[in-house]
Amino acid sequence: MSAGSHQGAGYLTLALQDVCMDYGELHVLEGVTACFEPLRAHVVMGPSGAGKTTLLRLLAGLERPEAGEVLRGSDVRLGMTFQEDRLCENLTATANIRLPRPRLSGEALERFLACEREAMAACDLPVDARPVRELSGGQRRRVAILRCVLAEANTLLFDEPLKGMDEKTVEAVMAFVAPLVAERTVLWTTHDERDLRFFENPVLWRVEGGRLSVC
């Protein structure tokens with residue numbers, strides 16, 4: 001059976017079954033089986049190159065495993081923040097944040113725009129006509145995070161989203177973001193155990209040596 005959306009999977013299923021993933025001679029994941037409880041935060045730690053990014057890309061359907069199966073329920077709607085910001089350089093911050101919601105109109109659009117303005121103010125982002133290519137690296141990172149959390153998604157994948165931010169900015173961003181992700185399935189990769197404080201009763205995973213296990 002091919003990897004990807006699985007019509008027979010249960011409510012918000014996100015799981016790996018005997019998954020192997022190699023890059024040439026590098027064995028990143030070896031026979032990994034894991035099920036990620038829905039509507040809960042999962043924090044994934046491990047050394048650089050151990051497979052944290054690969055894990056998220058497999059779950060998002062951006063990579064296909066060498067063997068095994070990725071199970072993703074047909075009701076899963078994904079949002080993702082990559083290590084690279086992946087913004088549309090010529091668009092403004094507000095236009096980038098709205099990209100996942102292109103069909104909004106009328107009152108729904110007005111409500112979203114109000115929410116967007118609140119989000120940008122909370123994260124100290126400018127609302128102006130500058131394209132994002134003129135923003136600082138930290139500002140661009142915050143735009144990418146808000147684009148993800150304001151998307152109409154029930155499952156959010158974050159690949160080291162706070163990397164490079166100073167502590168004051170991290171606290172401001174997460175004060176706004178944490179309540180928005182509290183009732184969604186979250187997979188959050190990080191090198192910093194302090195990120196656990198942003199989630200209520202998160203599941204802590206570790207990926208290393210080709211294995212993925214609950215700590």
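The values are calculated or read from the model by the stated rules, or taken from the named source; none is laboratory data. Computed from a predicted structure; not experimentally measured. A quick note on method: Cβ atoms are made from the backbone with ideal geometry, for glycine too, and the neighbour counts reach across all protein chains shown. The area values use the complete protein model at the heavy-atom level, side chains included, leaving out ligands, DNA and RNA. Shrake-Rupley method; radii C 1.70, N 1.55, O 1.52, S 1.80 Å.
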The helices (runs of 4 or more DSSP H) lying wholly within the stretch 14-125 that contain at least 1 residues that are closer than 25 Å to Arg197 by Cα are 52-60, 106-122
List pairs: first residue in the stretch 147-169 and at positive phi, second residue open to solvent by less than 20 Å² (accessible area, probe 1.4 Å) anywhere in the structure, Cβ distance under 8 angstrom, at least six positions apart or on different chains. Glu160/Lys52; Glu160/Thr189; Glu160/Thr190; Gly164/Arg141
Arg141 fails exactly one of the following numbered conditions: (1) of a type outside the set (A, V, I, L, M, F, W, C); (2) farther than 19 Å from Gln83 by Cα; (3) modelled with pLDDT of 95 or more. What is the number of that condition? (2)
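Would you check which residues across the stretch 32-50 are open to solvent by 30 Å² or more (accessible area, probe 1.4 Å) and out of contact with any His (no Cβ under 9 Å at 6 or more places or on another chain) and list them? Reasoning before the result, please.
From the stretch 32-50, those open to solvent by 30 Å² or more (accessible area, probe 1.4 Å) are 33, 35, 37-40, 47-49; that's our starting set.
Scanning the stretch 32-50 gives Thr33, Cys35, Glu37, Pro38, Leu39, Arg40, Gly49.
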Quick one: in the stretch 106-126, which of the residues that are open to solvent by less than 80 Å² (accessible area, probe 1.4 Å) and farther than 18 Å from Lys168 by Cβ is farthest from the chain's Cα centre (by Cα)? Gly106
Report, ordered by the first and then the second residue, all pairs with beta carbons closer than 7 Å, sequence separation of six or more or different chains, a first member in the stretch 65-89 that is within 22 Å of Pro131 (Cβ to Cβ) and modelled with pLDDT of 95 or more, and a second member that is polar (S, T, N, Q) and not in a strand (DSSP E or B). Leu87/Asn96; Cys88/Asn96
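I'd like to verify a number: residues in the stretch 79-91 that are surrounded by fewer than 19 Cβ atoms within 10 Å (Cβ to Cβ) and within 20 Å of the chain's Cα centre (by Cα), how many? Talk me through it step by step, then tell me what you get.
As a first pass, look at the stretch 79-91 and keep what is surrounded by fewer than 19 Cβ atoms within 10 Å (Cβ to Cβ): 82-84, 86, 88-91.
After this cut, where a residue has to be within 20 Å of the chain's Cα centre (by Cα) as well, the list is 82-84, 86, 88.
Number of matching residues: 5.
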Cβ-Cβ distance below 7 Å, separation of 6 or more or different chains: which pairs start in the stretch 189-215 with a residue that is over 15 Å from Pro47 (Cα atoms) and among the acidic types (Asp, Glu) and end on one that is assigned to a loop (DSSP other than H, G, I, E, B) and open to solvent by less than 90 Å² (accessible area, probe 1.4 Å)? Asp195/Leu162; Glu200/Ala182
Unique match (being free of Cβ contacts under 8 Å to residues at least 60 places away in the same chain and under 18 Å from the mean Cα position of the chain (by Cα)) among Leu12, Leu58: Leu58
Quick one: which of Thr94, Thr53 is under 29 Å from Ala119 (Cα atoms), open to solvent by less than 30 Å² (accessible area, probe 1.4 Å) and polar (S, T, N, Q)? Thr94
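For the structure I just gave you, tell me whether Pro202 is open to solvent by 20 Å² or more (accessible area, probe 1.4 Å), under 28 Å from Gly61 (Cα atoms) and in contact with a His (Cβ under 8 Å, 6 or more places away or on another chain).
On the way: open to solvent by 20 Å² or more (accessible area, probe 1.4 Å): yes; under 28 Å from Gly61 (Cα atoms): yes; in contact with a His (Cβ under 8 Å, 6 or more places away or on another chain): yes.
Considered against the rule, which asks whether it is open to solvent by 20 Å² or more (accessible area, probe 1.4 Å), under 28 Å from Gly61 (Cα atoms) and in contact with a His (Cβ under 8 Å, 6 or more places away or on another chain), Pro202 comes out as yes.
Just wondering, is there one or more residues in the stretch 148-162 that are closer than 19 Å to Ala60 by Cα, assigned to a helix (DSSP H, G or I) and open to solvent by 30 Å² or more (accessible area, probe 1.4 Å)?
Scanning the stretch 148-162 turns up no residue that is closer than 19 Å to Ala60 by Cα, assigned to a helix (DSSP H, G or I) and open to solvent by 30 Å² or more (accessible area, probe 1.4 Å).
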